[in-house]
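To start, the structure itself, in structure tokens.
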Amino acid sequence: MRTIPAAGVIIVNERRQILLVQRGHEPQRGRWTVPGGRIERGESPAQAAVREAFEETGLRVRIQREVLNVRLPTGDGREFDVHDFLAAVVGGELVAGDDADDVRWVSRDEVSSLELTENLLDYLEEAGLSDTW
């Protein structure tokens with residue numbers, strides 16, 4: 001199995017809303033998830049999370065801590081080794097970026113109306129974030 005290193009960023013605002021992006025590319029195009037993507041050569045997982053947050057949402061973030069590491073098989077002989085970080089917004093303007101069709105702040109009540117990436121809610125709970133939003 002070929003492993004692809006990746007990073008994601010979980011951002012919860014002061015109104016207890018989580019920031020989600022609608023995936024613009026496969027895998028799972030059209031579904032909602034946290035911002036993230038592949039780690040580029042020479043980047044640490046945390047650096048990749050900061051870069052992906054900006055590219056997909058227009059927001060600058062500060063990493064607080066790593067909250068989850070999960071392996072996600074793609075079904076074609078590859079798997080993503082994803083490091084997810086909790087982060088806080090420190091600047092920028094919210095706008096859907098290059099890999100995202102849309103981006104928005106979502107409350108816990110609203111999340112059930114969205115088509116999420118597989119197991120997203122389970123991963124957020126595993127990361128200990130079910131009480132933060």
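Pairing residues of the stretch 94-109 that are farther than 14 Å from Arg31 by Cβ with residues that are among the basic types (Lys, Arg) and outside any strand (DSSP E or B), at Cβ distances under 8 Å and at least 6 apart in sequence or on separate chains, gives Trp105/Arg15; Ser107/Arg15; Ser107/Arg16; Arg108/Arg16.
Annotation note: Cβ proximity below 7 Å between a residue of the stretch 1-19 that is without any contact (Cβ under 8 Å) to a residue 12 or more places away in the chain and a residue that is surrounded by 12 or more Cβ atoms within 10 Å (Cβ to Cβ) (sequence gap 6+ or interchain) occurs for no pair.
Across the stretch 110-124, the qualifying residues are those that are touching a residue at least 60 places away in the same chain (Cβ under 8 Å) and hydrophobic (A, V, I, L, M, F, W, C), and the one among them that is surrounded by the most Cβ atoms within 10 Å (Cβ to Cβ) is Leu124. Looking at the stretch 125-132, can you tell me whether even one residue there is without any contact (Cβ under 8 Å) to a residue 40 or more places away in the chain and touching a helix residue (DSSP H, G or I) at 6+ places or on another chain (Cβ under 9 Å)? There is at least one residue in the stretch 125-132 that is without any contact (Cβ under 8 Å) to a residue 40 or more places away in the chain and touching a helix residue (DSSP H, G or I) at 6+ places or on another chain (Cβ under 9 Å). Close Cβ contacts (under 6 Å, 6 or more residues apart or on different chains) running from residues in the stretch 52-63 that are over 10 Å from Val90 (Cβ atoms) to residues that are of a type in the set (Asp, Glu) comprise Glu55/Asp98; Glu56/Asp99; Gly58/Glu93. Of all the residues in the stretch 14-43, those that are open to solvent by less than 40 Å² (accessible area, probe 1.4 Å) and more than 17 Å from Ala96 (Cβ to Cβ) number 1. Is there a residue being outside any strand (DSSP E or B), in contact with a Gly (Cβ under 7 Å, 6 or more places away or on another chain) and at pLDDT 95 or above anywhere in the stretch 38-45? No, there is no match, as no residue in the stretch 38-45 is outside any strand (DSSP E or B), in contact with a Gly (Cβ under 7 Å, 6 or more places away or on another chain) and at pLDDT 95 or above. For the stretch 79-114, the set of residues classified as under 16 Å from Ile10 (Cβ atoms), among the β-branched types (Val, Ile, Thr) and at pLDDT 95 or above consists of Val82, Val89, Val90, Val103, Val106, listed by residue number.
Taking the condition part of a loop (DSSP other than H, G, I, E, B) and touching a Gly at 6+ places or on another chain (Cβ under 6 Å), does Val82 pass? So that I can check it myself, show each step before the final result.
Working: part of a loop (DSSP other than H, G, I, E, B): no; touching a Gly at 6+ places or on another chain (Cβ under 6 Å): yes.
No, not satisfied.
Scanning the stretch 49-67 for residues that are outside any helix (DSSP H, G or I), in contact with an Asp or Glu (Cβ under 8 Å, 6 or more places away or on another chain) and not aliphatic (A, V, I, L, M) yields Gly58, Glu66. Within the stretch 49-72, one or more residues are surrounded by fewer than 14 Cβ atoms within 10 Å (Cβ to Cβ) and over 19 Å from Asn13 (Cβ atoms).
Please verify whether the stretch 4-22 includes one or more residues that are in a strand (DSSP E or B), more than 24 Å from Thr132 (Cβ to Cβ) and over 13 Å from the mean Cα position of the chain (by Cα).
So the first thing to find is which residues in the stretch 4-22 are in a strand (DSSP E or B), and the list is 4-12, 18-22.
Restricting the remaining residues to those that are more than 24 Å from Thr132 (Cβ to Cβ) gives 4-5.
Of the ones still in play, those that are also over 13 Å from the mean Cα position of the chain (by Cα) are 4-5.
The answer is yes, given that some residue of the stretch 4-22 is in a strand (DSSP E or B), more than 24 Å from Thr132 (Cβ to Cβ) and over 13 Å from the mean Cα position of the chain (by Cα).
The values are calculated or read from the model by the stated rules, or taken from the named source; none is laboratory data. Just so it is clear, the model here is predicted, and its values are computed rather than measured. All Cβ positions, glycine included, derive from the backbone under ideal geometry; neighbour counts span all protein chains shown. Protein only, heavy atoms only, side chains kept; ligands, DNA and RNA dropped before computing areas. Shrake-Rupley method; radii C 1.70, N 1.55, O 1.52, S 1.80 Å.
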